[in-house]
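The values are calculated or read from the model by the stated rules, or taken from the named source; none is laboratory data. A quick note: this is a predicted structure, and the numbers were derived from the prediction, not measured. Here the Cβ positions follow ideal geometry from the backbone for every residue, glycine too, while neighbour counts run over all protein chains shown.
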Ligand code: ADP
């Protein structure tokens with residue numbers, strides 16, 4: 001077993017902090033890297049050492065392979081954890097680490113290369129006998145037209161190199177097909193430097209269900225159950241949970257078996273996720289994410305494990321632990337810097353006040369602190385609030401409570417939106433599909449009581465008193481902070 005001593009975390013934000021915490025538990029020294037925009041970020045202070053790697057632009061810092069490898073060499077790190085996003089799924093990065101004799105905490109570069117290409121991954125799935133969404137690799141427009149005529153519209157155009165919900169385009173009718181294919185190929189070439197596209201049947205009402213896997217260098221591969229990530233906005237997950245509500249145990253077993261078959265066929269090692277769409281009694285392979293997922297905490301809470309420690313053990317040449325039997329239910333939501341009332345416009349700012357929820361079964365993975373700056377340079381994930389319960393209703397109740405306690409002022413965010421979704425009867429009744437948001441929450445507006453609460457908290461933060469003449473905007477019968485001002489003091493106890 002390779003005895004690792006020092007881990008460089010090639011990432012930022014909540015995931016860098018998350019990895020640093022586990023690395024310390026695992027007995028490693030840690031090295032953070034940071035761009036000019038992140039010099040004061042929480043992950044920098046949390047690590048034993050930190051190295052500046054470039055300007056704010058990700059292309060010149062967190063995506064600069066040479067700069068990160070140089071930082072690793074300089075600090076004598078013997079391992080690199082890529083986190084998710086940025087370079088995490090780039091085989092060239094894993095190869096560059098290997099070339100520098102640094103252990104890459106992830107699959108081997110050739111495995112990443114094979115699975116990172118959606119078309120190649122589909123082929124591996126087909127060869128392993130795993131069902132894929134009906135579709136074709138296309139070289140020419142007539143072939144796509146023929147496929148669509150047989151499969152029926154709508155169809156979905158995807159980029160072979162796509163990811164993060166980008167590079168996808170739904171085509172509703174034959175008349176749009178030709179221009180959509182051309183535009184998609186152009187966009188893919190511009191965004192991913194690879195213009196290859198393929199076409200799939202666009203499933204009408206699927207659920208997104210994925211399997212967490214762990215593989216070691218000794219040929220052992222295990223699955224740690226499923227996650228349902230159907231609640232998405234523009235094909236981006238916002239709420240994830242485990243187990244998948246209402247999934248029959250037979251279906252669960254079949255999907256897990258398919259994921260393991262595919263992972264074995266690809267000689268997969270380290271942590272990964274095999275994603276599927278499930279519709280009625282059918283399931284279809286979607287893609288493999290060859291890295292740790294944003295939503296990994298729901299699995300950790302149910303299995304009582306630490307997936308980052310597992311990754312480090314595997315990277316050191318150790319064997320995967322046999323997973324414990326899962327219990328209970330866990331739900332995660334992504335708190336993003338965005339304005340849900342204005343088309344989810346990205347928000348920036350300085351955190352003036354932060355109230356972190358607590359209590360049994362509540363976990364908040366975040367790099368936010370009072371004074372933290374949210375810049376426009378990177379994705380807007382402020383943190384993940386995850387709740388565990390003996391069953392789904394308990395986890396859901398805790399998450400509603402936790403979101404009600406949560407307050408982050410100074411940066412517009414979607415916490416109230418998430419709370420309303422998780423408190424809704426549609427979510428309670430698990431009416432889950434990838435169209436959940438379109439069906440039930442496309443017209444969401446923040447409640448007046450919420451605005452009042454924000455004003456009070458902002459006033460406290462700014463050291464202000466209630467502005468003269470400001471009346472409650474909450475409707476009759478609703479609790480508003482303004483209504484309680486007679487026993488409410490901004491400056492400590494009343495004398
Ligand atoms: P990315 O790699 O960009 O995240 P995925 O292939 O993982 O793309 O798909 C992301 C989401 O897009 C899925 O969870 C699902 O909501 C939707 N999607 C993808 N393929 C299909 C399909 N064939 N039919 C319906 N929805 C799809």
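For region 152-179, the candidate set comprises residues that are surrounded by 13 or more Cβ atoms within 10 Å (Cβ to Cβ) and farther than 26 Å from residue 289 by Cβ; within that set, the residue that is nearest to the ligand (Cβ to nearest atom) is 153.
The residue that is nearest to the ligand (Cβ to nearest atom), counting only those in region 129-151 that are touching a residue at least 12 places away in the same chain (Cβ under 8 Å) and exposed (fewer than 13 other Cβ atoms within 10 Å of the Cβ), is 149. Among all residues of region 93-107, there is at least one that is out of contact with any strand residue (DSSP E or B) (no Cβ under 6 Å at 6 or more places or on another chain) and at positive phi. When residue 193 is tested against (1) assigned by TED's automatic domain parsing to the domain that holds residue 310; (2) in contact (Cβ under 8 Å) with a residue 12 or more places away in the chain; (3) on the phi > 0 side of the Ramachandran plot, only condition (1) is not met. Checked against the criterion of being under 19 Å from residue 372 (Cα atoms) and in contact with a strand residue (DSSP E or B) (Cβ under 7 Å, 6 or more places away or on another chain), the candidates 77, 71, 67, 47 yield just one match: 47. Condition check for residue 126 on (1) touching a strand residue (DSSP E or B) at 6+ places or on another chain (Cβ under 8 Å); (2) crowded, with 19+ Cβ neighbours inside 10 Å; (3) more than 18 Å from residue 194 (Cα to Cα): one failure, at (2). Checking each residue in region 192-209 for being more than 24 Å from residue 437 (Cβ to Cβ) and either more than 11 Å from the ligand (Cβ to nearest atom) or more than 24 Å from the chain's Cα centre (by Cα) (or both) picks out 193, 194, 195, 196, 197, 198, 199. The single condition among (1) surrounded by fewer than 21 Cβ atoms within 10 Å (Cβ to Cβ); (2) in a loop (DSSP other than H, G, I, E, B); (3) touching a helix residue (DSSP H, G or I) at 6+ places or on another chain (Cβ under 8 Å); (4) on the phi < 0 side of the Ramachandran plot that residue 363 does not meet is (2).
Checking every residue in region 17-36 against the condition of being surrounded by 24 or more Cβ atoms within 10 Å (Cβ to Cβ) and out of contact with any strand residue (DSSP E or B) (no Cβ under 8 Å at 6 or more places or on another chain) gives zero matches.
When 352, 312 are checked against the criterion of being modelled with pLDDT of 95 or more and in contact with a helix residue (DSSP H, G or I) (Cβ under 7 Å, 6 or more places away or on another chain), 312 stands alone in meeting it. The number of residues in region 210-258 being touching a residue at least 60 places away in the same chain (Cβ under 8 Å), over 16 Å from residue 302 (Cβ atoms) and more than 14 Å from the ligand (Cβ to nearest atom) comes to 8.
From the list 213, 231, the one residue that fits, being in contact with a strand residue (DSSP E or B) (Cβ under 6 Å, 6 or more places away or on another chain), in the same structural domain as residue 426 (by TED's automatic domain parsing), crowded, with 20+ Cβ neighbours inside 10 Å and under 30 Å from residue 345 (Cα atoms), is 231.
Results for (1) within 24 Å of residue 32 (Cβ to Cβ); (2) more than 16 Å from the ligand (Cβ to nearest atom), shown as yes or no for each residue.
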residue: 49; (1), (2): yes, yes
residue: 62; (1), (2): yes, yes
residue: 81; (1), (2): yes, yes
residue: 97; (1), (2): yes, yes
residue: 106; (1), (2): yes, yes
residue: 112; (1), (2): yes, no
residue: 122; (1), (2): no, no
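Looking for something modelled with pLDDT of 95 or more and within 30 Å of residue 27 (Cα to Cα) - is there at least one such residue anywhere in region 334-345? Looking through region 334-345, at least one residue is modelled with pLDDT of 95 or more and within 30 Å of residue 27 (Cα to Cα).
Where helices (runs of 4 or more DSSP H) fall entirely within region 368-478, those with at least 1 residues that are assigned by TED's automatic domain parsing to the domain that holds residue 327, on the phi < 0 side of the Ramachandran plot and modelled with pLDDT of 95 or more are at 392-405, 415-423, 425-428, 436-440.
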